[in-house]
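Q: Let me give you the structure first, and then I'll get to my questions.
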Amino acid sequence: MSVTLEITKSNVAVLVLSRPEKHNAFNEEVISELIRLIEHANSCDVRALVLKTEGKHFSAGADLNWMKSMAGNDFAENLADSMQLAKLMKVLATSPHPTICAVQGAAFGGALGLIACCDIAICQDDAQFCLSEVKLGLIPAVISPYVIKAIGERAARRYFLTAEIFDAHTAKQLGLIHQITGDLQTALDKHLQNLVNNGPIAVKAAKQLINDVAGNVIDDALIELTAERIARIRVSQEGQEGLTAFFEKRAPNWQK
């Protein structure tokens, strides 16, 4: 199986794409399996969802043989394939769990969509990135809402159009990557530890808060929504435990 999902002893869902011989490129079978496993992870009571790949490179994007087969398809068939990729991006971007993407080597084309859909993205210091679609006479259409949200319209105007390769430091400056590291696993473990130290319900509520607030006008309705959210979580069982633990100078029960 080229895609696996493991729930670790620390209650973290680890999703691994393993097609190193194809540079972890994805085709219709891989996309379908990623959707199935992410949807399953989304329904589980876990503390985080990690997305990683095996081998030298994170992902070359779309599999060349898959692209070749689609070239002979009509518009309706191409639309159906594209909608599956769009579904993959959506189920990852809308996961209720905090999501972390760990990137090594090259990440090209659609792989940048997967990175942009995750809450936290870390990469090896030698990682390289490219929105390569226009080199093939195509466009990064399905991933564009997520990538533009991550790097901004101005940067997209450059990198969507030039298809130039950029390094890890540029990716960090653009906001695609949060952290560059020489030790990917150690950095990943640290982020996971930070997450599990926090209230599990609060972490999910904070993620939902971002989704509900970002980009909205600060009007009376939004102000009321935010006030209601903090009031509700203060009186919740987890909120009460967190505040009590803080004042009693002890660890909250979710850290035990």
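Q: Out of (1) in contact with a helix residue (DSSP H, G or I) (Cβ under 7 Å, 6 or more places away or on another chain); (2) more than 19 Å from Ile122 (Cα to Cα); (3) surrounded by 15 or more Cβ atoms within 10 Å (Cβ to Cβ), what's the single condition that is false for Tyr159?
A: Tyr159 satisfies all of (1) in contact with a helix residue (DSSP H, G or I) (Cβ under 7 Å, 6 or more places away or on another chain); (2) more than 19 Å from Ile122 (Cα to Cα); (3) surrounded by 15 or more Cβ atoms within 10 Å (Cβ to Cβ) except (1).
Q: Step by step: first the residues of the stretch 231-248, then only those that are among the aliphatic types (A, V, I, L, M) and loosely packed, with under 12 Cβ neighbours inside 10 Å, then the one that is farthest from Gly199 (Cα to Cα). Which residue is that?
A: Looking only at the stretch 231-248, we keep the residues that are among the aliphatic types (A, V, I, L, M), and these are 231, 233, 235, 243, 245.
Checking which are loosely packed, with under 12 Cβ neighbours inside 10 Å leaves us with 231, 235.
Values: Ala231: 16, Val235: 14 Å.
Once the filter is applied, the top-ranked residue is Ala231.
Q: Which condition number in (1) without any contact (Cβ under 8 Å) to a residue 24 or more places away in the chain; (2) assigned to a helix (DSSP H, G or I) is the one that Ala251 fails?
A: (2)
Q: In the stretch 101-122, which residues are more than 8 Å from the chain's Cα centre (by Cα) and aliphatic (A, V, I, L, M)?
A: Ala102, Val103, Ala106, Ala107, Ala111, Leu112, Ile122
Q: With the structure loaded, tell me whether Gln255 is at pLDDT below 95, within 25 Å of Ile100 (Cα to Cα) and in contact with a helix residue (DSSP H, G or I) (Cβ under 9 Å, 6 or more places away or on another chain) or whether it fails that test. Quick ask: steps written out before the conclusion?
A: On the way: at pLDDT below 95: yes; within 25 Å of Ile100 (Cα to Cα): yes; in contact with a helix residue (DSSP H, G or I) (Cβ under 9 Å, 6 or more places away or on another chain): yes.
Taking the combined requirement at face value, the residue satisfies it.
Q: Would you pick out the residues in the stretch 44-84 that are open to solvent by less than 20 Å² (accessible area, probe 1.4 Å), modelled with pLDDT of 95 or more and out of contact with any Lys or Arg (no Cβ under 9 Å at 6 or more places or on another chain)?
A: Within the stretch 44-84, Val46, Ala48, Leu49, Val50, Leu51 qualify.
Q: Something else: Among the numbered conditions (1) open to solvent by 40 Å² or more (accessible area, probe 1.4 Å); (2) more than 18 Å from the chain's Cα centre (by Cα); (3) closer than 28 Å to Asn78 by Cβ, tell me where Ser10 comes up short.
A: (3)
Q: Could you look through the stretch 107-156, keep only residues that are of a type outside the set (Val, Ile, Thr), assigned to a strand (DSSP E or B) and open to solvent by 20 Å² or more (accessible area, probe 1.4 Å), and pick out the one that is nearest to Asp183 (Cα to Cα)?
A: Step one: list which residues in the stretch 107-156 are of a type outside the set (Val, Ile, Thr), which gives 107-114, 116-119, 121, 123-133, 135-138, 140-141, 144-146, 149-150, 152-156.
Okay, now just the ones that are also assigned to a strand (DSSP E or B), so 107-108, 121, 123-124, 128-130.
Imposing the further condition that a residue be open to solvent by 20 Å² or more (accessible area, probe 1.4 Å) reduces the set to 108, 124, 128.
Working: Phe108: 21, Gln124: 7, Gln128: 16 Å.
Per the stated criteria, the residue is Gln124.
Q: Step by step: first the residues of the stretch 19-43, then only those that are within 26 Å of Leu195 (Cα to Cα) and open to solvent by 40 Å² or more (accessible area, probe 1.4 Å), then the one that is nearest to the chain's Cα centre (by Cα). Which residue is that? Don't jump to the end; show me each part of the working.
A: Narrowing the stretch 19-43 to residues within 26 Å of Leu195 (Cα to Cα): 34-43.
Imposing the further condition that a residue be open to solvent by 40 Å² or more (accessible area, probe 1.4 Å) reduces the set to 36, 39-40, 43.
Numbers: Arg36: 16, Glu39: 14, His40: 16, Ser43: 17 Å.
Checked the stretch 19-43; the qualifying residue nearest to the chain's Cα centre (by Cα) is Glu39.
Q: Here are the criteria: (1) in a helix (DSSP H, G or I); (2) free of Cβ contacts under 8 Å to residues at least 12 places away in the same chain; (3) closer than 30 Å to Ala205 by Cα. Tell me which single one Lys9 does not satisfy.
A: (1)
Q: Scan the stretch 194-227 residue by residue and report those that are more than 18 Å from the chain's Cα centre (by Cα), of a type in the set (S, T, N, Q) and within 30 Å of Phe246 (Cα to Cα).
A: Correct list: Asn197, Asn198, Thr226.
The values are calculated or read from the model by the stated rules, or taken from the named source; none is laboratory data. All values reported here derive from a predicted model rather than from experimental measurement. In this analysis, Cβ positions are derived from the backbone assuming ideal geometry, glycine residues included, and neighbour counts consider all displayed protein chains. Heads up: the accessible areas ignore ligands, DNA and RNA and are worked out on the full protein's heavy atoms, side chains in. Shrake-Rupley method; radii C 1.70, N 1.55, O 1.52, S 1.80 Å.
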